[in-house]
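A short write-up of the structure that comes next.
The values are calculated or read from the model by the stated rules, or taken from the named source; none is laboratory data. Bear in mind the structure is a predicted one, so any value in this text is a computation, not a measurement. Glycine also receives a Cβ, built like all others from the backbone with ideal geometry; neighbour counts cover every protein chain displayed.
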Amino acid sequence: MNSKNVSTKKDLITFLNTLRHDLIENTASWENQTLESFLEAMEAWLSDSNSASSTPTWSIFATSLLAGKAYE
């Protein structure tokens, strides 16, 4: 799963599908398994990350979703 390859809306939809299936199939590998902890991790990553510019892109959105999986 590579969020850097997400550059279009269609790419993001495919990425979301892959992310959702990863949660179903590999729940134990997810640090943040609840919606609350997932969103908190996304928020923390966006606050802490220098790679997330103030100009949003599909890739940055996908990366923030991926960060929600494991960022603490």
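Data overview
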quantity	calculated
Identity of the residue in the range 39-61, among the small types (Gly, Ala, Ser) and within 16 Å of Ser3 (Cβ to Cβ), that ends up modelled with the lowest pLDDT	Ala52
Residues being surrounded by 10 or more Cβ atoms within 10 Å (Cβ to Cβ) and part of a helix (DSSP H, G or I) - total across the range 3-60	32
Residue check for Ala62: among the aliphatic types (A, V, I, L, M) and in contact with a helix residue (DSSP H, G or I) (Cβ under 7 Å, 6 or more places away or on another chain)	yes
